[in-house]
1. What list of ³J(HN,Hα) values in whole Hz, one per residue of the range 75-90 in order, does the Karplus curve 6.51 cos²θ - 1.76 cosθ + 1.60 (θ = phi - 60°) give from phi, with Gly and Pro shown as x?
2. Express the accessible area of the chain per residue in Å², computed with a 1.4 Å probe while the remaining protein chains stay in the model.
3. 222 nm [θ] for the chain, helices only, -39500 (n - 2.57) per DSSP H run of 4+, per residue, to 500?
4. With label points built 7 Å along Cα→Cβ from the Cα atoms of Ala90 and Glu20, find their separation and express it in nm.
5. Keeping the other protein chains in place, figure out the carbon and sulfur percent of the accessible area of the range 7-90, with a 1.4 Å probe.
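The values are calculated or read from the model by the stated rules, or taken from the named source; none is laboratory data. Predicted model, so just to flag it, every value in this text is computed and none were measured. When we count neighbours, we look across all protein chains shown, and the Cβ atoms used for this are built from the backbone with ideal geometry, even at glycine. Each accessible area value is taken on the protein alone, full model and side chains, heavy atoms only, with ligands, DNA and RNA left out. Shrake-Rupley method; radii C 1.70, N 1.55, O 1.52, S 1.80 Å.
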Amino acid sequence: MEQENIYLQRINVVVNYVREHLTDDLSLATLAQVAHFSPFHFHRIFRAVTGEPVNDLIVRLRLERAAALLRSTPHMSVLDAALACGFASA
(Lines give C-alpha, C1' and ligand atoms only; values in the text may rest on other atoms or scores of the structure.)
Protein backbone atom coordinates (compact mmCIF):
# COMPACT_ATOMS: atom_id res chain seq x y z
CA MET A 1 0.00 0.00 0.00
CA GLU A 2 2.79 2.43 0.91
CA GLN A 3 4.64 1.67 -2.31
CA GLU A 4 1.46 2.41 -4.31
CA ASN A 5 1.26 5.83 -2.64
CA ILE A 6 4.88 6.54 -3.52
CA TYR A 7 4.23 5.53 -7.13
CA LEU A 8 1.12 7.72 -7.26
CA GLN A 9 3.03 10.69 -5.83
CA ARG A 10 5.86 10.28 -8.34
CA ILE A 11 3.44 9.96 -11.27
CA ASN A 12 1.57 13.08 -10.11
CA VAL A 13 4.89 14.95 -10.06
CA VAL A 14 5.47 13.85 -13.66
CA VAL A 15 1.98 14.88 -14.80
CA ASN A 16 2.48 18.32 -13.23
CA TYR A 17 5.93 18.53 -14.86
CA VAL A 18 4.41 17.73 -18.27
CA ARG A 19 1.74 20.42 -17.82
CA GLU A 20 4.37 23.01 -16.94
CA HIS A 21 6.85 22.00 -19.67
CA LEU A 22 4.72 21.13 -22.71
CA THR A 23 7.15 22.85 -25.07
CA ASP A 24 10.26 21.20 -23.58
CA ASP A 25 11.88 17.82 -24.15
CA LEU A 26 9.39 15.31 -22.80
CA SER A 27 11.18 12.14 -23.78
CA LEU A 28 10.65 8.96 -21.84
CA ALA A 29 14.16 9.26 -20.41
CA THR A 30 13.54 12.81 -19.19
CA LEU A 31 10.23 11.97 -17.55
CA ALA A 32 11.63 8.80 -15.99
CA GLN A 33 14.38 10.92 -14.48
CA VAL A 34 11.77 13.32 -13.05
CA ALA A 35 10.01 10.31 -11.47
CA HIS A 36 13.28 8.73 -10.28
CA PHE A 37 12.56 5.47 -12.12
CA SER A 38 14.32 3.65 -14.93
CA PRO A 39 12.63 4.38 -18.29
CA PHE A 40 11.29 0.81 -18.55
CA HIS A 41 9.90 0.79 -15.02
CA PHE A 42 8.52 4.32 -15.38
CA HIS A 43 6.59 3.45 -18.53
CA ARG A 44 4.98 0.41 -16.87
CA ILE A 45 4.11 2.28 -13.66
CA PHE A 46 2.80 5.34 -15.53
CA ARG A 47 0.43 3.28 -17.63
CA ALA A 48 -0.76 1.25 -14.64
CA VAL A 49 -1.48 4.40 -12.60
CA THR A 50 -2.99 6.64 -15.30
CA GLY A 51 -4.47 4.10 -17.69
CA GLU A 52 -2.72 5.66 -20.69
CA PRO A 53 0.78 5.67 -22.14
CA VAL A 54 2.88 8.72 -21.35
CA ASN A 55 2.98 9.85 -25.00
CA ASP A 56 -0.83 9.81 -25.16
CA LEU A 57 -0.96 12.08 -22.11
CA ILE A 58 1.52 14.50 -23.67
CA VAL A 59 -0.40 14.68 -26.96
CA ARG A 60 -3.73 15.08 -25.16
CA LEU A 61 -2.45 17.91 -22.96
CA ARG A 62 -0.85 19.67 -25.94
CA LEU A 63 -4.09 19.37 -27.91
CA GLU A 64 -6.12 20.72 -24.99
CA ARG A 65 -3.79 23.71 -24.66
CA ALA A 66 -3.84 24.34 -28.42
CA ALA A 67 -7.65 24.21 -28.47
CA ALA A 68 -7.80 26.67 -25.58
CA LEU A 69 -5.41 29.00 -27.41
CA LEU A 70 -7.48 28.83 -30.59
CA ARG A 71 -10.68 29.56 -28.65
CA SER A 72 -9.16 32.49 -26.77
CA THR A 73 -7.27 33.92 -29.76
CA PRO A 74 -9.60 33.71 -32.79
CA HIS A 75 -7.06 35.06 -35.28
CA MET A 76 -4.29 32.62 -34.29
CA SER A 77 -3.46 30.07 -36.94
CA VAL A 78 -3.55 26.37 -36.22
CA LEU A 79 0.17 26.18 -37.00
CA ASP A 80 1.00 28.93 -34.49
CA ALA A 81 -1.11 27.24 -31.83
CA ALA A 82 0.53 23.89 -32.52
CA LEU A 83 4.04 25.34 -32.32
CA ALA A 84 3.19 27.25 -29.13
CA CYS A 85 2.11 23.99 -27.49
CA GLY A 86 5.16 21.92 -28.29
CA PHE A 87 4.16 20.24 -31.55
CA ALA A 88 6.79 20.20 -34.30
CA SER A 89 4.17 20.88 -37.01
CA ALA A 90 0.46 21.47 -37.50
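1. The phi angles translate into 8, 6, 7, 4, 4, 4, 5, 4, 5, 5, 10, x, 7, 7, 7, 6 Hz.
2. Working: 5790 Å² over 90 residues.
Heavy-atom SASA per residue in the chain reads 64 Å².
3. Details: 5 runs with 65 residues, N = 90.
Helix-only estimate at 222 nm: -23000 deg cm²/dmol.
4. Placing both labels 7 Å beyond Cα along the Cβ direction yields 3.3 nm.
5. Details: 2860 of 5120 Å².
Roughly 56 percent of what the probe reaches on the range 7-90 is carbon or sulfur.
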